[in-house]
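Just below is one structure, and these are the notes that go with it.
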Amino acid sequence: MCLISSISQLITGKTRINSKISIGGWVRNKRHSKLGMSFIDLYDGSCIYDIQVIANNKLSNYEDEILNITSGCSLKIKGIFKYSPKNLQKYEIYALKIKIIGWVNNPGKYPISSKKHSFKYLREVSHLRSRTKIISCVTRIKHNIALYIHNFLHKKNFFWINTPLITTLDTEGSGKMFRVSTLDLSNIQYTKNKNIFKKDFFGKESFLTVSGQLNLETYACSMSKVYTFGPTFRAENSNTKRHLAEFWMLEIEIAFSNLEYIINFIEKMLKKIFKYVLNFHEKEIYFLSKKIDNDLFNKINKILLNKFNIIEYTDAINILKNCKEKFSNIIRWGEDLSIEHEKYLTNKYFNNAVIIYNYPKNIKAFYMYLNNDKKTVASMDVLLPDIGEIVGGSQRESRIDILDERLKNFKLHKNDYWWYRDLRKYGTVPHSGFGLGFERLISYITGIYNIRDIIPFPRTPYNAKF
Ligand code: 4AD
Ligand code: MG
């Protein structure tokens with residue numbers, strides 16, 4: 001059986017025109033004409049195109065079955081593959097045989113009818129939403145970008161490290177982690193007695209990781225250029241379009257590099273990804289620009305063609321303080337920027353991507369390199385218009401005495417971080433890295449500004465239904 005994607009490739013070779021082919025797929029739409037002909041739009045998710053199948057009333061099951069086909073039915077078709085005489089589609093299939101594989105029970109109640117559905121509605125039927133053209137389109141783009149990133153890094157001599165999802169350390173120090181335990185919750189008051197975790201599965205209080213970074217650093221300090229790409233978990237009660245409790249992050253770690261190096265690296269890498277999307281997914285971006293955001297090509301080109309604006313945190317604060325915009329969140333040196341501040345900088349002031357670096361040490365994690373001013377750390381965030389932060393990174397603190405001081409300030413126990421500290425004791429090197437939120441990246445590229453529509457089965461507060 002052919003996939004629709006392979007048919008479109010075959011047609012360029014012109015080998016299969018007027019020959020017999022078999023395909024399988026699901027009905028998007030159907031029309032029955034009074035002249036004894038039916039037109040069925042079939043999809044199989046392999047590419048952006050549906051294919052039109054033409055069935056005439058000479059087919060043996062025309063009256064009994066084909067006339068009763070509805071959206072969502074699965075079919076197997078044998079037919080002649082032809083150029084389409086009309087310009088609506090490039091080619092079509094004249095059916096010789098149509099086998100109905102699966103009917104739709106109660107078609108009036110089929111959740112994915114051929115009409116337009118809102119994203120909000122589709123989230124309620126996440127198990128069926130990949131049947132829509134938009135969600136399958138996002139899924140293909142996502143797949144190819146992930147492959148592109150792996151290839152890009154491979155060509156640059158990075159190694160993919162599978163960092164653990166279960167951990168005993170809180171990398172970001174936010175305390176918002178999901179517990180992993182086999183203890184019987186109904187019988188234990190374990191919050192009062194930390195010793196209880198000695199009896200737990202790992203013999204220690206354990207969690208789902210918020211970042212693979214600390215483990216990744218161990219390999220960076222032996223294999224030079226490494227990355228990890230996988231799910232990460234945050235138990236923050238953030239009900240926003242940019243937050244998931246489970247999201248995918250690409251984390252990169254480079255030995256013998258400093259903050260400046262990774263700032264340049266991420267700008268180059270993002271531009272490569274955006275260029276790839278325009279070259280490889282032009283049709284999909286065109287489709288999404290018609291359906292979602294008619295400025296999408298401009299938004300992608302904006303990132304691609306312009307130099308990122310690189311400013312220090314202190315300068316960002318001054319810009320925000322001196323502008324005429326009314327913000328609801330406070331702007332004060334030492335406070336984190338909120339999304340309204342980020343959006344002002346990206347959408348209005350610079351009208352493009354912004355990289356902010358050298359944040360105050362108290363609002364960033366313990367592992368970031370302390371600058372000479374002793375007030376800021378060598379950190380950076382990449383902000384894109386509309387969605388704000390998509391990358392967070394830093395040079396890592398490679399000096400053991402300062403690292404120990406920082407652990408103390410954060411009220412973290414040195415002994416818990418013994419292996420992380422060992423990296424600073426045995427052949428320490430300056431090294432730097434960053435984490436790129438994968439769903440946020442795809443959100444910008446597709447113009448779908450709620451990342452719950454980017455991940456197949458979103459995990460958010462009170463929602464792990466599917
Ligand atoms: O800025 P974050 O918290 O950085 C880290 O976790 C570092 N350990 C990364 C590193 O240096 N190796 O997260 C990195 C990125 C953010 O910029 C954002 O794009 C994304 O991860 N992110 C989220 N995406 C979706 N839902 C959430 N709750 C997210 N939290 C962070
Ligand atoms: Mg961050």
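Check 377, 391 and return the single one that is free of Cβ contacts under 8 Å to residues at least 24 places away in the same chain, crowded, with 17+ Cβ neighbours inside 10 Å, within 15 Å of ligand 1 (Cβ to nearest atom) and of a type in the set (A, V, I, L, M).
Numbers: 391 fails: free of Cβ contacts under 8 Å to residues at least 24 places away in the same chain.
Residue meeting the stated conditions: 377.
If residue 241 satisfies all but one of (1) away from ligand 1 (no atom under 14 Å from the Cβ); (2) in contact (Cβ under 8 Å) with a residue 60 or more places away in the chain; (3) surrounded by 14 or more Cβ atoms within 10 Å (Cβ to Cβ); (4) not small (Gly, Ala, Ser), what's the number of the condition it fails?
The single condition residue 241 does not satisfy is (1).
Does the stretch 40-48 contain at least one residue that is over 25 Å from residue 287 (Cβ atoms), of a type in the set (A, V, I, L, M, F, W, C) and assigned to a loop (DSSP other than H, G, I, E, B)? Explain how you work it out, then say what you get.
Taking the stretch 40-48 first, the residues over 25 Å from residue 287 (Cβ atoms) are none.
So far as the stretch 40-48 goes, no, none of its residues is over 25 Å from residue 287 (Cβ atoms), of a type in the set (A, V, I, L, M, F, W, C) and assigned to a loop (DSSP other than H, G, I, E, B).
Within the stretch 430-465, restricting attention to residues that are outside any loop (DSSP other than H, G, I, E, B) and among the aromatic types (Phe, Trp, Tyr), which residue is farthest from ligand 2 (Cβ to nearest atom)?
Step one: of the stretch 430-465, the residues outside any loop (DSSP other than H, G, I, E, B) are 431-446, 451-453, 460, 463.
Still in the running and among the aromatic types (Phe, Trp, Tyr): 434, 438, 444.
Details: 434: 10, 438: 14, 444: 16 Å.
Taking the candidates together, the pick is 444.
Could you grab the pairs with beta carbons closer than 9 Å, sequence gap of 6+ or different chains, first residue in the stretch 446-466 and at pLDDT below 95, second one small (Gly, Ala, Ser) and assigned to a helix (DSSP H, G or I)?
From residues that are at pLDDT below 95, the pairs are 449/443.
Considering only residues of the stretch 394-427 that are among the polar types (S, T, N, Q) and touching a residue at least 40 places away in the same chain (Cβ under 8 Å), which is farthest from residue 247 (Cα to Cα)? Write out each step before concluding.
Of all residues in the stretch 394-427, those among the polar types (S, T, N, Q) come to 394-395, 398, 409, 415.
Within this subset, residues satisfying the condition of being touching a residue at least 40 places away in the same chain (Cβ under 8 Å) are 394-395, 409.
Values: 394: 20, 395: 23, 409: 29 Å.
Out of the qualifying residues, it is 409.
Let me confirm something: among 246, 236, 260, which residue is within 16 Å of ligand 2 (Cβ to nearest atom) and of a type in the set (Asp, Glu)?
On the way: 246 fails: within 16 Å of ligand 2 (Cβ to nearest atom); 260 fails: within 16 Å of ligand 2 (Cβ to nearest atom).
Step by step, each of 246, 236, 260 is checked, and only 236 is within 16 Å of ligand 2 (Cβ to nearest atom) and of a type in the set (Asp, Glu).
Determine whether residue 148 is at pLDDT 95 or above and away from ligand 1 (no atom under 16 Å from the Cβ).
On the way: at pLDDT 95 or above: yes; away from ligand 1 (no atom under 16 Å from the Cβ): yes.
Here the answer is yes, as residue 148 does meet what is asked.
Which one of 35, 10, 42, 75 is within 26 Å of residue 137 (Cα to Cα) and either charged (D, E, K, R) or at pLDDT below 95 (or both)? Working first, answer last.
Numbers: 35 fails: within 26 Å of residue 137 (Cα to Cα); 42 fails: either charged (D, E, K, R) or at pLDDT below 95 (or both); 75 fails: either charged (D, E, K, R) or at pLDDT below 95 (or both).
Answer to the selection: 10.
Let me confirm something: among 317, 310, 331, which residue is part of a loop (DSSP other than H, G, I, E, B) and either free of Cβ contacts under 8 Å to residues at least 24 places away in the same chain or touching a strand residue (DSSP E or B) at 6+ places or on another chain (Cβ under 6 Å) (or both)? Steps first, answer last, please.
Values: 317 fails: part of a loop (DSSP other than H, G, I, E, B); 310 fails: part of a loop (DSSP other than H, G, I, E, B).
Just a single option satisfies the conditions, and that option is 331.
State which residue is nearest to residue 213 (Cα to Cα) when the search covers only the stretch 379-429 and only residues that are part of a strand (DSSP E or B) and away from ligand 2 (no atom under 13 Å from the Cβ). Walk me through it before giving the result.
Within the stretch 379-429, the subset part of a strand (DSSP E or B) is 379-384, 388-396.
Those left that are additionally away from ligand 2 (no atom under 13 Å from the Cβ): 384, 395-396.
Values: 384: 23, 395: 12, 396: 10 Å.
Per the criteria, the residue is 396.
Which of the residues that make up the stretch 43-87 are closer than 30 Å to residue 129 by Cβ and small (Gly, Ala, Ser)?
45, 46, 55, 71, 72, 74, 79, 84
Okay, residues lined up against (1) touching a helix residue (DSSP H, G or I) at 6+ places or on another chain (Cβ under 8 Å); (2) part of a helix (DSSP H, G or I):
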{"position": "61", "(1), (2)": "no, no"}
{"position": "64", "(1), (2)": "no, no"}
{"position": "94", "(1), (2)": "no, no"}
{"position": "120", "(1), (2)": "no, yes"}
{"position": "123", "(1), (2)": "yes, yes"}
{"position": "136", "(1), (2)": "yes, yes"}
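The values are calculated or read from the model by the stated rules, or taken from the named source; none is laboratory data. Small disclaimer: the values here were computed from a predicted structure and weren't measured. We place every Cβ from the backbone using ideal geometry, glycine too, and count neighbours over all the protein chains shown.
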